[in-house]
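For reference, the structure is listed below as structure tokens.
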Amino acid sequence: MDDGRIDGASAPPEGVPPANGFLLPVGVALATFGLAAVSLLYTRALGHIAAVWPANAILLSALLSIRTSRWALVTASAWAGLAGALLVVSGFNYWPAPIMAACNAGEALLCAAGLRRVLGRDLDLIEARDLSVFVAMAGVAAPLASAVPAAAMLSWIKHGPFLRYAVEWFGSTGLGFLILTPALTALTPEALAPLASPDRRWRAIGLFALLGVSLGLVFLQSRNSLLFLLMPVLMAITFLLEQAGGALAMLVTAIVAVAASIVGRKTAGAAPAQLVSQLLQIQFFLAVAVVSVLAAAAVLGRQRRLTDTLRESLAETEAARALALEHQRWAAMAEEIASVGHWRFDLVTGATVWSDEIYRIYGLDPADGIPDREDTLKLYHPDDQPLVRSNFNRCWRDGVPFAAEVRVVRPDGAVRNVLSRGAAERDAATGRVRAIFGAFMDITEAKAVERVLRESEERYRMLTDRATDIILRYDTSGLIEFASPAVRLLGYEPEQVVGRRMGEFVHPDDARVAAEGRKAAADGVSGAEGDWPDVRVRCADGGWIWVQGSPSAIRSEQGAVIGVVTVLRDVTARRAMEDELRRKKAEAEAADIAKSEFMANMSHEIRTPLTAIIGFSALLERFDALPEQARRHVQRIVAGGQALLDVVNHILDFSKLEAAQVELDPQPFDPEALLDEAMALVAGQAAFKGLELVRAPAAPLPPRVLADPARVKQILLNLLTNAVKFTDQGSVTVSAHYHRPAGRLEFVVSDTGCGIPEDKRHRLFARFSQVDSSLSRRHGGTGLGLAICKSLVDLMGGEIEVESREGVGSTFRFAVPAPLSIRGEAEREGRAANEAPAAPVCQILIVDDRPENRELVRNMLEALGHVVVEAGGGAQALALASSRPYDLILMDLQMPGMDGFAAARAIRSRAPANRDTPIVALSANVLAEHVALCFEAGMNDHIGKPVRIEDLAAKIAEWMAPDDEPSVAAG
């Protein structure tokens, strides 16, 4: 409170306890105890009363800030704190402590009561009367009233002079009041905040630094009395920093003065009498300084209050003036926005006043002034001038008000439609017309909008009458209020529908859905076409049609829903088309299932004879005594069988890709090994044609990357096979690169073949497409290989591209994402050491219902040195497996009676001797779902037919490898 007010108005009203009812008494008790104890300890050794006694000021400030009904409690708390301090400091040997504490507490209570009684309100130290009363009560009357009984008690106890004790008591308690009470009043956070503001901060720091220097000069030496130096500094601080600064400076000065005097004298070994004299001198100085500072602060506060009041008055006057100007501007803006102007014609003086908007409506310049009455009349359309003259004269003579729509012709020829209104102003004494006041409204735009709305209404009425969709409006209860002529499509006239309920026309099976839609629309939920379900409505002839509605809520100006508008569209034909589409979709799905089943059966039926063709041809090719011509025939048979197998594989792959049934299986693999395996698979074909299969030098590949190795190998093998197929002489070159920043694996396959014409390259990756028909006849193929490669690369998120020169050769490259795997280089280095040794001689059970298949596999296995036992079906396999253990079981899937799946389950559950024996499916069923069924039946692996002896040997080596030595094939 920077104005020095001890504001009691903030205290709760009488009878209402404050929220902190016990905090104030406790706080007063603790504060008085602490201050009293410090004051007593400070001067205990001197044998006299404290120089300044601030404890009473704490109680006085507290009493002035609360209601009088709580004074007793707070005073008692202060008495307890003062008595406690006297007892503690005296070692509990001072029996008059309660009496002396009562003198102190009574002094503060007497001062507070006197201030309230004399002032009749809260204390305001800025007011001169309040300051005078405060100095008289706190500095004179109250200290004097308590000094008499206190001095009498002290002189009786200590046997000392009464007058000395009375003067010391009077001075110390009076100074405590005068110094600390204004400080508690002024030194609030709100009052001190301006001192920390940017414009006063450095001024305050400089002034208090000057105060510190002055205090040092006065109290750090004892030869000369320089107290007079402090008064100018204190007054300067008061004048420049007002009451808060003066009170703070006075408080600092009092503390330093008393402390320095006592400490200095004690250090110098001064006698107690000298110290008392010095303290009396300090007390007198502080009393004079406090009164002077308070008086100066009061004058400054009063001046600032008057200045603030004057400033506020000036601000209010300026605000009122600005508000008046703003209202005037708003009125002009309102006239301009509303296109309304006002005018006044004084019949006594003949003076005419126009607002700015009148000039704008007439199209005149305000600088040219107001034309006379006749010139003003000429501004109207000739056909409207008689009406304008008549209205004006009637209002002038008889005081009859007027209102009329007339036309104004501007000087530039533009015609404006205006609404002219006028009324008479009469003399209060005579009742005669003394002036005419009028208003002008430009309604040209409004008339144009009205015309547009009228035309729009006519146009929309025409659209409604001719629309093929039915437009209905009904209230919130469903009662139809309007029906467009299109309702005749149902066989009704509009008047036959109006007044009836919407529910009367809805099919019973759709009644609930229609009711929910009407309720939602009535609740304000509007929807677009397609948001609401279709319903059936009854025609006049009793038939039913499907309609689709798009209701929208009609709202009042207050926003309440008062009705619904809906547009009904006949969707019977669309519903029939949707039913037909669903039927066609079901047929297509059934056809797709049939196609999948056909592809699976076709694959099985083709692979079964191919097993014998390719298998026996491969065995025949191994005979050393085979004539050369016969060997060439056998090689032709093997090549043809392999070509037919490629066709089947391509068709199956493309079928799965087209049906989005291919799922990638990313797993870590060694790209070096994958490349070596792919090259090994085509090495025989390249050698047969006399081609050189070369791997171009490149940077080492990482040991493990993460991708689908089967699909990567399929793409690479397809490109290698094509390169060998379309190259008659020269070489096929392969290279692999790994781009570490992008995490991509790239393969490049180049050949020296016939090349691809530039105008044919766009057909390379199209399905069932060959670049040239002659090539198709020469080399064969389905035209699906590169299409499958493109689909697989796209599925993996990679790219494939080709570069070719006709007659020179082609280069195919593809790259797929393949991030590095966490497995290390040690895995590749350990491959050779961990490769399984040649499989030992095994006891193998072959299960197949076809003798030729068993014979083929037997020959292959016996050629590898294994012992073979045959079973012609699932039941026989179960019997053999129950009688003795086998090292491996090769199981066909499709067999009459007990098929391969049932046989595998039976062996696992009913043949203990072979419960853990590896069972490998050997079947022409190679689709993913067939392989999954194998694992579900308890089988361990799968080999697709036609089977090659190399694949068979690898699988046997894999499953016969010791458990502690991981097989290469097992990866």
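Laid out as a table, the results:
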{"quantity": "Positive minus negative residues near LEU347 (Lys, Arg vs Asp, Glu; Cβ under 12 Å)", "calculated": "+3"}
{"quantity": "Sequence-distant residues sharing a close amide H with LEU701 (under 5 Å, placed H)", "calculated": "none"}
{"quantity": "³J(HN,Hα) computed for each position of the range 922-933 - Karplus, 6.51 cos²θ - 1.76 cosθ + 1.60, integer Hz, glycine/proline x", "calculated": "10, 8, 7, 7, 10, 5, 4, 5, 5, 5, 5, 5"}
{"quantity": "In Hz, Karplus ³J(HN,Hα) per residue of the range 193-208 (6.51, -1.76, 1.60; θ = phi - 60°; x = Gly, Pro)", "calculated": "4, x, 5, 8, 5, x, 7, 10, 4, 6, 5, 5, 4, x, 5, 6"}
{"quantity": "Estimated inter-spin distance, LEU619 and ALA879, nm [label 7 Å along Cα→Cβ]", "calculated": "2.5"}
{"quantity": "LEU119-LEU240 pseudo-label distance in nm [points 7 Å out on the Cα-to-Cβ vector]", "calculated": "3.0"}
{"quantity": "Residue (of PRO371, ILE443, ALA404) at the positive-pole extreme of the range 339-448, dipole from beta-carbon charges", "calculated": "ALA404"}
{"quantity": "Distance histogram for the range 339-448 (every C-alpha pair counted, 5 angstrom bins, percent rounded to whole numbers)", "calculated": "2, 12, 22, 27, 19, 11, 5, 2, 0, 0"}
{"quantity": "Shape category assigned to the range 467-570 from the gyration tensor of Cα positions, a/c cut at 1.5", "calculated": "prolate"}
{"quantity": "Cut-off under 5 Å, modelled amide H: who pairs with ARG744 long-range", "calculated": "HIS739, ALA818"}
{"quantity": "Dimensionless Rg over Rh [the range 836-960; C-alpha; Kirkwood]", "calculated": "0.92"}
{"quantity": "³J(HN,Hα), Karplus 6.51/-1.76/1.60, whole Hz, each residue of the range 536-544, x for Gly, Pro", "calculated": "9, 10, 7, 8, 5, 7, x, x, 10"}
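Each value in this text was obtained by applying a stated rule to the coordinates, not by laboratory testing. These figures come from a predicted structure and were not determined experimentally. So basically every Cβ, Gly included, is an ideal-geometry build from the backbone, and we count neighbours across all protein chains shown.
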